[in-house]
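One structure is given here, and the rest of the page talks about it.
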Amino acid sequence: MLTRKQIELLKLIHTRMESDGVAPSFDEMKDALDLRSKSGIHRLITALEERGFIRRMHHRARAIEVLKLPDALQKSGFEAKVIDGGARDKPPQPAQALPVDASSLSLPIMGRIAAGTPIEAVSAVVNDISVPASMLRGRASHYALEVQGDSMIDLGINDGDIVVIREQDTADNGDIVVALVEGLEATLKRFRRQNGMIALEAANPAYETRLLRDDQVQVQGRLVGLIRSY
(Lines give C-alpha, C1' and ligand atoms only; values in the text may rest on other atoms or scores of the structure.)
Protein backbone atom coordinates (compact mmCIF):
# COMPACT_ATOMS: atom_id res chain seq x y z
CA MET A 1 0.00 0.00 0.00
CA LEU A 2 1.51 3.31 -1.10
CA THR A 3 0.78 6.94 -0.37
CA ARG A 4 0.25 9.37 -3.20
CA LYS A 5 3.71 10.87 -2.67
CA GLN A 6 5.30 7.42 -2.72
CA ILE A 7 3.60 6.63 -6.04
CA GLU A 8 4.57 10.03 -7.46
CA LEU A 9 8.20 9.42 -6.52
CA LEU A 10 8.19 5.87 -7.87
CA LYS A 11 6.72 7.10 -11.16
CA LEU A 12 9.33 9.88 -11.35
CA ILE A 13 12.21 7.47 -10.74
CA HIS A 14 10.85 4.93 -13.23
CA THR A 15 10.33 7.57 -15.93
CA ARG A 16 13.83 9.02 -15.51
CA MET A 17 15.41 5.58 -15.46
CA GLU A 18 13.60 4.70 -18.68
CA SER A 19 14.63 7.93 -20.42
CA ASP A 20 18.07 8.73 -18.95
CA GLY A 21 19.25 5.48 -17.38
CA VAL A 22 19.86 7.22 -14.07
CA ALA A 23 17.60 8.24 -11.19
CA PRO A 24 16.96 11.93 -10.51
CA SER A 25 18.94 13.63 -7.76
CA PHE A 26 17.41 14.21 -4.35
CA ASP A 27 17.09 17.92 -5.16
CA GLU A 28 15.23 17.07 -8.37
CA MET A 29 12.96 14.68 -6.48
CA LYS A 30 12.27 17.30 -3.80
CA ASP A 31 11.37 19.94 -6.39
CA ALA A 32 9.25 17.57 -8.48
CA LEU A 33 7.21 16.48 -5.45
CA ASP A 34 7.05 20.01 -4.04
CA LEU A 35 8.57 19.01 -0.70
CA ARG A 36 10.30 21.44 1.62
CA SER A 37 13.33 19.32 2.45
CA LYS A 38 15.28 16.31 1.26
CA SER A 39 14.51 14.48 4.49
CA GLY A 40 11.04 13.83 3.11
CA ILE A 41 12.61 12.20 0.05
CA HIS A 42 14.76 10.00 2.30
CA ARG A 43 11.62 8.79 4.10
CA LEU A 44 9.79 8.11 0.83
CA ILE A 45 12.71 6.18 -0.66
CA THR A 46 13.12 4.14 2.53
CA ALA A 47 9.41 3.30 2.48
CA LEU A 48 9.56 2.22 -1.18
CA GLU A 49 12.61 0.09 -0.49
CA GLU A 50 11.01 -1.56 2.55
CA ARG A 51 7.93 -2.41 0.45
CA GLY A 52 10.06 -3.98 -2.26
CA PHE A 53 9.40 -1.49 -5.05
CA ILE A 54 12.98 -0.23 -5.40
CA ARG A 55 16.50 -1.25 -4.40
CA ARG A 56 19.29 1.17 -3.63
CA MET A 57 22.84 0.36 -4.72
CA HIS A 58 24.75 1.98 -1.89
CA HIS A 59 28.16 1.73 -3.56
CA ARG A 60 27.06 3.94 -6.48
CA ALA A 61 25.76 7.49 -6.46
CA ARG A 62 22.12 7.97 -7.54
CA ALA A 63 21.84 4.24 -8.30
CA ILE A 64 18.29 3.04 -7.74
CA GLU A 65 16.73 -0.02 -9.35
CA VAL A 66 12.96 -0.15 -9.82
CA LEU A 67 11.93 -3.71 -8.97
CA LYS A 68 8.19 -3.46 -9.60
CA LEU A 69 5.35 -1.02 -10.11
CA PRO A 70 1.97 -0.99 -8.36
CA ASP A 71 -1.07 -2.04 -10.37
CA ALA A 72 -2.25 1.57 -10.48
CA LEU A 73 0.77 2.53 -12.63
CA GLN A 74 0.96 -0.70 -14.61
CA LYS A 75 -2.65 -0.74 -15.76
CA SER A 76 -3.94 2.80 -15.98
CA GLY A 77 -1.33 5.28 -14.87
CA PHE A 78 -3.64 6.40 -12.07
CA GLU A 79 -1.83 7.92 -9.12
CA ALA A 80 -3.71 6.38 -6.24
CA LYS A 81 -3.81 7.83 -2.78
CA VAL A 82 -3.47 5.38 0.07
CA ILE A 83 -3.39 6.36 3.71
CA ASP A 84 -1.90 3.83 6.08
CA GLY A 85 -3.27 3.28 9.52
CA GLY A 86 -2.53 -0.02 11.24
CA ALA A 87 -4.39 -3.23 11.95
CA ARG A 88 -5.73 -5.61 14.54
CA ASP A 89 -8.30 -8.39 14.62
CA LYS A 90 -11.74 -7.32 13.41
CA PRO A 91 -14.77 -7.43 15.71
CA PRO A 92 -18.19 -8.75 14.63
CA GLN A 93 -20.35 -6.85 12.16
CA PRO A 94 -22.18 -3.82 13.68
CA ALA A 95 -25.67 -4.66 14.88
CA GLN A 96 -27.38 -1.69 13.23
CA ALA A 97 -26.87 -2.65 9.59
CA LEU A 98 -29.22 -1.26 6.95
CA PRO A 99 -31.51 -3.69 5.10
CA VAL A 100 -30.82 -4.24 1.42
CA ASP A 101 -32.23 -1.38 -0.65
CA ALA A 102 -33.29 -2.22 -4.21
CA SER A 103 -32.59 1.37 -5.35
CA SER A 104 -28.98 2.46 -5.43
CA LEU A 105 -26.80 5.37 -6.48
CA SER A 106 -23.19 5.47 -7.62
CA LEU A 107 -20.67 7.35 -5.48
CA PRO A 108 -16.98 8.06 -6.11
CA ILE A 109 -14.51 6.31 -3.81
CA MET A 110 -12.00 9.04 -2.96
CA GLY A 111 -9.11 6.75 -2.08
CA ARG A 112 -8.40 5.49 1.43
CA ILE A 113 -8.50 7.29 4.74
CA ALA A 114 -6.69 6.54 7.96
CA ALA A 115 -8.58 5.20 10.90
CA GLY A 116 -5.30 5.47 12.73
CA THR A 117 -2.43 7.92 12.30
CA PRO A 118 -3.27 10.40 9.51
CA ILE A 119 -0.70 10.74 6.77
CA GLU A 120 -1.95 12.60 3.71
CA ALA A 121 -5.09 14.32 2.51
CA VAL A 122 -7.51 12.40 0.31
CA SER A 123 -8.57 13.96 -2.99
CA ALA A 124 -8.29 11.49 -5.88
CA VAL A 125 -11.17 9.40 -7.21
CA VAL A 126 -10.05 5.78 -7.48
CA ASN A 127 -13.29 3.99 -8.28
CA ASP A 128 -17.07 4.10 -7.97
CA ILE A 129 -19.40 2.14 -5.72
CA SER A 130 -23.16 1.62 -5.68
CA VAL A 131 -24.77 2.44 -2.34
CA PRO A 132 -28.38 2.20 -1.15
CA ALA A 133 -30.27 5.39 -1.90
CA SER A 134 -31.66 5.35 1.64
CA MET A 135 -28.14 5.83 2.99
CA LEU A 136 -27.81 9.28 1.44
CA ARG A 137 -29.08 12.22 3.47
CA GLY A 138 -30.83 15.16 1.80
CA ARG A 139 -29.50 16.87 -1.30
CA ALA A 140 -25.92 17.27 -0.11
CA SER A 141 -23.07 15.73 -2.07
CA HIS A 142 -21.76 12.41 -0.82
CA TYR A 143 -18.61 10.40 -1.43
CA ALA A 144 -17.07 7.16 -0.21
CA LEU A 145 -13.74 6.26 1.36
CA GLU A 146 -12.03 2.97 2.09
CA VAL A 147 -10.89 2.71 5.70
CA GLN A 148 -7.38 1.58 6.48
CA GLY A 149 -6.46 1.14 10.12
CA ASP A 150 -8.08 0.25 13.41
CA SER A 151 -8.53 3.42 15.45
CA MET A 152 -12.35 3.34 15.07
CA ILE A 153 -12.71 -0.40 15.49
CA ASP A 154 -14.66 -0.20 18.76
CA LEU A 155 -17.45 1.56 16.85
CA GLY A 156 -17.54 -1.29 14.34
CA ILE A 157 -15.53 0.56 11.67
CA ASN A 158 -12.97 -1.94 10.46
CA ASP A 159 -9.95 -1.94 8.22
CA GLY A 160 -11.18 -2.37 4.63
CA ASP A 161 -14.70 -1.02 5.24
CA ILE A 162 -16.19 1.53 2.86
CA VAL A 163 -17.61 4.55 4.68
CA VAL A 164 -20.18 6.85 3.07
CA ILE A 165 -19.56 10.51 3.83
CA ARG A 166 -21.98 13.43 3.56
CA GLU A 167 -19.98 16.42 2.37
CA GLN A 168 -20.19 19.28 4.90
CA ASP A 169 -17.87 21.68 6.70
CA THR A 170 -19.50 21.71 10.14
CA ALA A 171 -20.02 19.05 12.79
CA ASP A 172 -21.79 18.55 16.09
CA ASN A 173 -20.24 17.00 19.16
CA GLY A 174 -20.16 13.24 18.77
CA ASP A 175 -20.27 13.19 14.95
CA ILE A 176 -17.83 10.89 13.18
CA VAL A 177 -16.14 13.09 10.62
CA VAL A 178 -13.51 13.27 7.96
CA ALA A 179 -11.13 15.85 9.42
CA LEU A 180 -8.37 17.58 7.49
CA VAL A 181 -5.59 18.48 9.92
CA GLU A 182 -3.46 21.51 9.08
CA GLY A 183 -4.36 21.13 5.41
CA LEU A 184 -2.21 18.02 5.05
CA GLU A 185 -3.55 15.03 6.97
CA ALA A 186 -6.96 13.43 6.61
CA THR A 187 -8.37 11.13 9.25
CA LEU A 188 -11.66 9.58 10.36
CA LYS A 189 -12.44 10.42 14.00
CA ARG A 190 -15.18 11.41 16.42
CA PHE A 191 -15.48 15.21 16.69
CA ARG A 192 -15.86 17.13 19.94
CA ARG A 193 -15.32 20.69 21.10
CA GLN A 194 -13.45 20.69 24.38
CA ASN A 195 -12.23 23.72 26.39
CA GLY A 196 -11.90 25.91 23.32
CA MET A 197 -10.11 23.20 21.36
CA ILE A 198 -11.23 20.52 18.93
CA ALA A 199 -10.78 16.94 20.08
CA LEU A 200 -10.45 14.19 17.46
CA GLU A 201 -11.27 11.02 19.36
CA ALA A 202 -10.40 7.48 18.36
CA ALA A 203 -12.58 4.50 19.24
CA ASN A 204 -9.67 2.32 20.26
CA PRO A 205 -7.81 2.71 23.60
CA ALA A 206 -4.51 2.22 21.79
CA TYR A 207 -4.87 5.69 20.24
CA GLU A 208 -4.76 9.00 22.10
CA THR A 209 -7.23 11.81 21.53
CA ARG A 210 -5.73 14.65 19.49
CA LEU A 211 -6.42 18.18 20.78
CA LEU A 212 -6.08 20.85 18.10
CA ARG A 213 -6.89 24.50 17.64
CA ASP A 214 -9.97 25.39 15.65
CA ASP A 215 -7.84 26.77 12.81
CA GLN A 216 -5.94 23.48 12.53
CA VAL A 217 -9.00 21.35 11.73
CA GLN A 218 -11.25 21.49 8.69
CA VAL A 219 -14.30 19.23 8.66
CA GLN A 220 -14.77 17.73 5.19
CA GLY A 221 -17.74 15.48 5.81
CA ARG A 222 -19.76 13.40 8.26
CA LEU A 223 -20.15 9.63 8.33
CA VAL A 224 -23.66 8.54 7.30
CA GLY A 225 -23.17 4.90 6.29
CA LEU A 226 -20.87 1.92 6.11
CA ILE A 227 -20.50 -0.88 3.57
CA ARG A 228 -18.62 -4.12 4.29
CA SER A 229 -17.58 -7.05 2.13
CA TYR A 230 -16.75 -10.50 3.52
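The values are calculated or read from the model by the stated rules, or taken from the named source; none is laboratory data. All of these numbers come straight from a predicted model, not from anything done at the bench. Don't worry about glycine lacking a Cβ; one is built from the backbone with ideal geometry, like all the others, and counts go over all protein chains shown. Accessible surface areas use protein heavy atoms only, side chains included; no ligands, DNA or RNA. Shrake-Rupley method; radii C 1.70, N 1.55, O 1.52, S 1.80 Å.
Can you give the log10 of the normalised intensity I(q)/I(0) at q = 0.16, 0.22 Å⁻¹, computed with Debye over equal Cα scatterers of the stretch 182-230?
-0.53, -0.89
Would you please give the FRET efficiency between residue 134 and residue 218, computed as 1/(1 + (r/R0)^6) with r the Cβ-Cβ distance and R0 = 30 Å, to the nearest 0.05?
Calculated value: 0.55.
Grab the beta carbon distance between residue 172 and residue 51, set R0 = 35 Å, and tell me the FRET efficiency rounded to 0.05.
Efficiency, rounded to the nearest 0.05: 0.35.
Taking all protein chains as present, what is the carbon and sulfur share of the accessible area of the stretch 151-227, in % to the nearest whole number, probe 1.4 Å?
Carbon and sulfur together cover 41 percent of it.
Quick one: dipole size for the stretch 1-53, taken about the Cα centre, charges +1 on Lys/Arg Cβ and -1 on Asp/Glu Cβ, in debye to the nearest 20.
Computed charge dipole of the stretch 1-53: roughly 260 debye.
Quick one: accessible area per residue over the stretch 1-60, 1.4 Å probe, rounded to a whole number of Å²?
Here the residues of the stretch 1-60 average 59 Å² of exposed surface.
To two decimal places, what compactness ratio does the stretch 135-201 give when its Cα radius of gyration is scaled by 2.2 N^0.38 Å?
After normalising by residue count via 2.2 N^0.38 Å, the value is 1.14.
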